[in-house]
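Heads up: the structure comes next, in structure tokens.
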Amino acid sequence: MLTDTIIEDDRWNAVAFEELAETAAQAVLAHLGMASEIFEIAVLACDDMRIAELNADFRDKDKATNVLSWPSEERGVDVDGDVPALPEQSFPGMPEELGDIAISYDTCAREAEAAGKLMADHVTHLMVHGTLHLLGYDHVRDKDATLMEGLETTILGKMGLADPYEIK
């Protein structure tokens, strides 16, 4: 499996989180032509209290958020809109760690309800988003955001999910 998931909040079981996380991460790597069997992503399915602690510790933001990601190494690009280089396996026979993702049930549920989306669809989008972050994609600069959002929309579309950025 590509994802190694720890479920700290049992509410995640109701949306089959482990399967959603694995499917979303697999879809990203498949779209980018990466062999998923040689990579690994650690995923923490938690609540707002836990993600707020992580957000404070790692980003100096004392509040909950929907998803956080920590790439195992810096893969970002210097030029706005450039495509990050894909990681490669360092040691044959050992999975290459892409990084860690944490996702909060409380915030995801609130956002899904406010947007009128299915929780599973919103979580899938956030897992695609987090996985792209692990691969060096970002949305701080305009061209980077356009690239990342376009990839998210394309990957989700291949999964049969609507464009999460479409204004209704």
Read through the list (1) under 19 Å from Val140 (Cα atoms); (2) surrounded by fewer than 14 Cβ atoms within 10 Å (Cβ to Cβ), then give the number of the only condition that Gly76 fails. (2)
From the option list Glu97, Glu40, Glu22, single residue qualifying as among the charged types (D, E, K, R) and open to solvent by 70 Å² or more (accessible area, probe 1.4 Å) is Glu97
Got a sec? Which of Thr23, Thr65 is part of a helix (DSSP H, G or I) and among the hydroxyl-bearing types (Ser, Thr, Tyr)? Thr23
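Any residue that is open to solvent by 70 Å² or more (accessible area, probe 1.4 Å) and either among the polar types (S, T, N, Q) or more than 22 Å from Gly33 (Cβ to Cβ) (or both) - is there at least one of those in the stretch 63-70?
Yes.
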When both residues are 6+ apart or on different chains and their Cβ atoms are under 8 Å apart, which pairs have a first residue that lies in the stretch 78-103 and is over 22 Å from Thr124 (Cβ atoms), and a second that is open to solvent by 70 Å² or more (accessible area, probe 1.4 Å) and basic (Lys, Arg)? Asp80/Arg141; Asp80/Lys143; Gly81/Arg141; Gly81/Lys143
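Among the listed residues Asp9, Asp48, which satisfies the condition of being in contact with a Phe, Trp or Tyr (Cβ under 6 Å, 6 or more places away or on another chain) and surrounded by 15 or more Cβ atoms within 10 Å (Cβ to Cβ)?
Asp9
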On the basis of being surrounded by fewer than 23 Cβ atoms within 10 Å (Cβ to Cβ), among the polar types (S, T, N, Q) and at pLDDT 95 or above, does Thr131 make the cut? no
Quick one: is Val67 modelled with pLDDT of 95 or more, among the β-branched types (Val, Ile, Thr) and touching a His at 6+ places or on another chain (Cβ under 7 Å)? yes
Taking the condition at positive phi and either at pLDDT 95 or above or surrounded by fewer than 20 Cβ atoms within 10 Å (Cβ to Cβ) (or both), does Gly116 pass? yes
For the stretch 37-61, which positions are small (Gly, Ala, Ser) and either more than 25 Å from Ala85 (Cα to Cα) or modelled with pLDDT under 95 (or both)? Ala45, Ala52, Ala56
Only residues that are among the hydrophobic types (A, V, I, L, M, F, W, C) and at pLDDT 95 or above: list them for the stretch 86-98, please. Leu98
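The values are calculated or read from the model by the stated rules, or taken from the named source; none is laboratory data. Model, not experiment: these values are computed from the prediction. Cβ atoms come from the backbone with ideal geometry, glycine included; neighbour counts cover every protein chain shown. Just so you know, the surface numbers come from the protein's heavy atoms only, side chains and all, with ligands and any DNA or RNA stripped out. Shrake-Rupley method; radii C 1.70, N 1.55, O 1.52, S 1.80 Å.
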